[in-house]
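Student: I am attaching a structure below and will ask some questions about it afterwards.
The values are calculated or read from the model by the stated rules, or taken from the named source; none is laboratory data. Predicted, not measured: the structure shown is a model, and the values here were computed from it. Don't worry about glycine lacking a Cβ; one is built from the backbone with ideal geometry, like all the others, and counts go over all protein chains shown.
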Amino acid sequence: MGVGKVCWGVGMIVEPPQQTGLHILTRYAPLHCWAWVWILAGLVTFTSAWLWFGRDRWGFVAASVPPALWAFAYGWAGLFDHYGRGLWIFVWYMTSHCGVIWCASRVPPESGSSDLPGPVVEGRPG
């Protein structure tokens, strides 16, 4: 997941996408600066993937930040900037990115392992 975010950010620097729907973000910084948010979040996510379960929470937070920013930018554009497609992109980012990341953060690594006695409970320890 982290490598994908880094690649997405680098892609925005190498060949910037259209800025339609991202005006709320580009009001504060150019798109190549926002690309670095994806890159840095990807590096934190990748690094956190090698930590023990329960200590990797900052990786999941970092993985959620860029898609959440993009989702809300598109949602804002859909509601207030007459960019109707923005609402659909908002739903897509919130479900296929943020939702999947949240679900992945809740699954212990030993779930699905057939050699463990007893049920595995969803959630973080402690």
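Student: Which of the residues that make up region 1-54 are without any contact (Cβ under 8 Å) to a residue 40 or more places away in the chain and among the β-branched types (Val, Ile, Thr)?
Tutor: VAL10, ILE13, VAL14, THR26, VAL37, ILE39
Student: Let me ask something else. Out of curiosity, is ALA62 under 14 Å from HIS97 (Cβ atoms), part of a helix (DSSP H, G or I) and either modelled with pLDDT of 95 or more or under 14 Å from the mean Cα position of the chain (by Cα) (or both)?
Tutor: On the way: under 14 Å from HIS97 (Cβ atoms): yes; part of a helix (DSSP H, G or I): yes; either modelled with pLDDT of 95 or more or under 14 Å from the mean Cα position of the chain (by Cα) (or both): yes.
Considered against the rule, which asks whether it is under 14 Å from HIS97 (Cβ atoms), part of a helix (DSSP H, G or I) and either modelled with pLDDT of 95 or more or under 14 Å from the mean Cα position of the chain (by Cα) (or both), ALA62 comes out as yes.
Student: Let me ask something additional. What residue, among those in region 36-55 that are under 15 Å from VAL10 (Cα atoms) and hydrophobic (A, V, I, L, M, F, W, C), is surrounded by the fewest Cβ atoms within 10 Å (Cβ to Cβ)? Let's see the steps before the verdict.
Tutor: Within region 36-55, the subset under 15 Å from VAL10 (Cα atoms) is 36-43.
Imposing the further condition that a residue be hydrophobic (A, V, I, L, M, F, W, C) reduces the set to 36-41, 43.
Working: TRP36: 14, VAL37: 19, TRP38: 24, ILE39: 19, LEU40: 16, ALA41: 25, LEU43: 17.
Per the stated criteria, the residue is TRP36.
Student: Just give me the residues in region 73-90 being part of a helix (DSSP H, G or I), surrounded by fewer than 19 Cβ atoms within 10 Å (Cβ to Cβ) and either free of Cβ contacts under 8 Å to residues at least 40 places away in the same chain or touching a Lys or Arg at 6+ places or on another chain (Cβ under 7 Å) (or both), in sequence order.
Tutor: LEU79, PHE80, LEU87, TRP88
Student: Hey, does region 49-59 have a residue that's assigned to a helix (DSSP H, G or I), in contact with a Phe, Trp or Tyr (Cβ under 9 Å, 6 or more places away or on another chain) and hydrophobic (A, V, I, L, M, F, W, C)?
Tutor: Going residue by residue through region 49-59, those that are assigned to a helix (DSSP H, G or I) are 57-59.
Subsequent filtering for residues that are in contact with a Phe, Trp or Tyr (Cβ under 9 Å, 6 or more places away or on another chain) retains 59.
In the following step, the residues that additionally are hydrophobic (A, V, I, L, M, F, W, C) were identified as none.
Checking region 49-59: not a single residue is assigned to a helix (DSSP H, G or I), in contact with a Phe, Trp or Tyr (Cβ under 9 Å, 6 or more places away or on another chain) and hydrophobic (A, V, I, L, M, F, W, C).
Yes or no, residue by residue, for (1) at pLDDT 95 or above; (2) over 30 Å from ALA35 (Cβ atoms):
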{"position": "PHE72", "(1), (2)": "yes, no"}
{"position": "ALA77", "(1), (2)": "yes, no"}
{"position": "VAL100", "(1), (2)": "no, no"}
{"position": "CYS103", "(1), (2)": "no, no"}
{"position": "VAL107", "(1), (2)": "no, no"}
{"position": "ASP115", "(1), (2)": "no, yes"}
{"position": "VAL121", "(1), (2)": "no, yes"}
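Student: Assuming TRP36 fulfils every condition listed in (1) at pLDDT 95 or above; (2) within 12 Å of the chain's Cα centre (by Cα) apart from one, which condition is it?
Tutor: (2)
Student: Can I ask one more? What's the number of the only condition in (1) loosely packed, with under 13 Cβ neighbours inside 10 Å; (2) of a type in the set (A, V, I, L, M); (3) under 17 Å from the mean Cα position of the chain (by Cα) that MET12 fails to meet?
Tutor: With (1) loosely packed, with under 13 Cβ neighbours inside 10 Å; (2) of a type in the set (A, V, I, L, M); (3) under 17 Å from the mean Cα position of the chain (by Cα) applied to MET12, the lone miss is (1).
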